[in-house]
Ligand code: URA
């Protein structure tokens, strides 16, 4: 078989066979396939599309490029949640300890921030000492002791995805539903779970900008999950404005702790509860969603979720004292307030611009090897819909270097839109694929 024939076949719009896809993925995993041929095929896949059958073959080949974890020896359903990424999207840190406190076993594998979107791994890395790179043995021990492991992609899980993702990131081939599906689902299936709740984000701050594209992605993810025998469902949620108020790694950890203490912003509490509730139902722990959500709310009210988070942090080498003393988290040396120029109503906060501003401050990466500053970011004073007076604070910027503040400020000012009259913020949950 020759790589060039496979590229030509896809370029001309034909469906690839299982053997051709296996050849491609094996070449990527071993390094036998040069980057230029892998990239050419990725571009042909993006432009010509792939059938569900091809997407399933690609997912399976990517799983076989590494190990498939097996936690069947541990009691309890193994359940995860995956979000397609957004700005201020921190539900993982809230719902993983809550679901574990309610009886789920949560082997949660997350990624670093991508472009303007934040990543759970970067947020966890803001907790002093927290280790996200665990071996499969260490993950097993963490699951047995705390019911949860919050980890980065290991060398053993879907290694072909690592190389493919790095190529996609620099060749304009990220935004393809079949490629995103195979990338996400290969890692999730290889993680050894029984059930998966997907949070597919739709809007300006998301990978999928329109509700229709988000639905197509959700349907593709759910179909591939089910083919692999995984109980899978998806929620489509809004990502036009940031989720919650904080954007930036340590700032988001503080906001998650607030939610677990019963005090977080309403949208973050609502989405975390909804997703955790769905995890409990899909995992077979609770029969109905309203009971499951009540159980999750009970784990917040009793402090069981907060206590579980403390244990997870300790188990993974982090400083558990941050749970009761947020001052132990990294803090930026300077603050700057963006104030409202006039009276009005907060009509809109553009998640993409807020995400780009937080990258400009150093909270994310422009290049793959950039260092992330865990302390910097922004905290919004209000959510869309709020009434504002001239001079009211709109955004508090936590920064280290004045030059970075200068780069972020014009984006922040553009991100906020004031209107003369009130408007109803759109619903957070836009749909589901069940
Ligand atoms: N997240 C992933 O893991 N893969 C993609 O392709 C996109 C988002």
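So for region 128-149 (the condition being within 24 Å of residue 221 (Cα to Cα) and touching a residue at least 24 places away in the same chain (Cβ under 8 Å)), does at least one residue qualify? Quick ask: steps written out before the conclusion?
Step one: of region 128-149, the residues within 24 Å of residue 221 (Cα to Cα) are 148-149.
From what's left, touching a residue at least 24 places away in the same chain (Cβ under 8 Å): 148-149.
Yes - at least one qualifying residue is present in region 128-149.
Go through region 368-401 and give me each residue that's under 18 Å from residue 343 (Cα atoms) and in a loop (DSSP other than H, G, I, E, B).
We begin by selecting, within region 368-401, every residue under 18 Å from residue 343 (Cα atoms); these are 380-395.
Within region 368-401, 381, 382, 383, 384, 385, 386, 389, 390, 391, 392 meet the criteria.
What about residue 1, is it assigned to a loop (DSSP other than H, G, I, E, B) and more than 20 Å from residue 177 (Cβ to Cβ)?
Numbers: assigned to a loop (DSSP other than H, G, I, E, B): yes; more than 20 Å from residue 177 (Cβ to Cβ): yes.
So residue 1 fits the description; yes.
Let's see how each residue does on (1) closer than 23 Å to residue 216 by Cα; (2) not in a strand (DSSP E or B):
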| residue | (1), (2) |
| --- | --- |
| 232 | yes, no |
| 242 | yes, yes |
| 250 | no, yes |
| 264 | no, yes |
| 285 | no, yes |
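Name the single residue, out of those in region 118-141 being within 13 Å of the ligand (Cβ to nearest atom) and assigned to a loop (DSSP other than H, G, I, E, B), that is modelled with the highest pLDDT. Outline the logic, then answer.
If we filter region 118-141 for residues that are within 13 Å of the ligand (Cβ to nearest atom), which is where we start, we get 118-121.
From what is left, the residues that are assigned to a loop (DSSP other than H, G, I, E, B) are 118-119.
Details: 118: 79, 119: 88.
For region 118-141, the residue satisfying everything is 119.
Please go through region 128-176 and pick out each residue that is out of contact with any helix residue (DSSP H, G or I) (no Cβ under 8 Å at 6 or more places or on another chain) and closer than 22 Å to residue 114 by Cα.
131, 133, 155, 162, 166, 169, 170
Please pick out the residue among 296, 281 that is assigned by TED's automatic domain parsing to the domain that holds residue 98 and within 22 Å of residue 88 (Cα to Cα). Even if it seems obvious, please write down each step before you answer.
Numbers: 281 fails: within 22 Å of residue 88 (Cα to Cα).
Step by step, each of 296, 281 is checked, and only 296 is assigned by TED's automatic domain parsing to the domain that holds residue 98 and within 22 Å of residue 88 (Cα to Cα).
Counting just the residues of region 177-209 that are at pLDDT 95 or above, closer than 25 Å to residue 155 by Cα and part of a loop (DSSP other than H, G, I, E, B), which one comes out farthest from the ligand (Cβ to nearest atom)?
194
Inside region 157-166, can you point out the residues that are more than 9 Å from the ligand (Cβ to nearest atom) and either in a helix (DSSP H, G or I) or over 11 Å from residue 109 (Cβ atoms) (or both)? Write out each step before concluding.
Pass one, region 157-166, residues more than 9 Å from the ligand (Cβ to nearest atom): 157-160, 162-163, 166.
Of everything in region 157-166, those that are more than 9 Å from the ligand (Cβ to nearest atom) and either in a helix (DSSP H, G or I) or over 11 Å from residue 109 (Cβ atoms) (or both) turn out to be 159, 160, 162, 163, 166.
This table checks each residue for (1) in a strand (DSSP E or B); (2) crowded, with 24+ Cβ neighbours inside 10 Å; (3) without any contact (Cβ under 8 Å) to a residue 40 or more places away in the chain.
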{"site": "53", "(1), (2), (3)": "no, no, yes"}
{"site": "58", "(1), (2), (3)": "no, yes, no"}
{"site": "68", "(1), (2), (3)": "no, no, no"}
{"site": "74", "(1), (2), (3)": "no, no, no"}
{"site": "88", "(1), (2), (3)": "no, yes, no"}
{"site": "92", "(1), (2), (3)": "no, yes, no"}
{"site": "95", "(1), (2), (3)": "no, yes, no"}
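Could you say which residue among 27, 88, 115 is touching a helix residue (DSSP H, G or I) at 6+ places or on another chain (Cβ under 8 Å), at positive phi and away from the ligand (no atom under 16 Å from the Cβ)?
Numbers: 27 fails: at positive phi; 115 fails: away from the ligand (no atom under 16 Å from the Cβ).
Being touching a helix residue (DSSP H, G or I) at 6+ places or on another chain (Cβ under 8 Å), at positive phi and away from the ligand (no atom under 16 Å from the Cβ) holds for just one of 27, 88, 115, which is 88.
The values are calculated or read from the model by the stated rules, or taken from the named source; none is laboratory data. Computed from a predicted structure; not experimentally measured. Cβ sites come from the backbone with ideal geometry, for glycine too, and all protein chains shown count toward neighbours.
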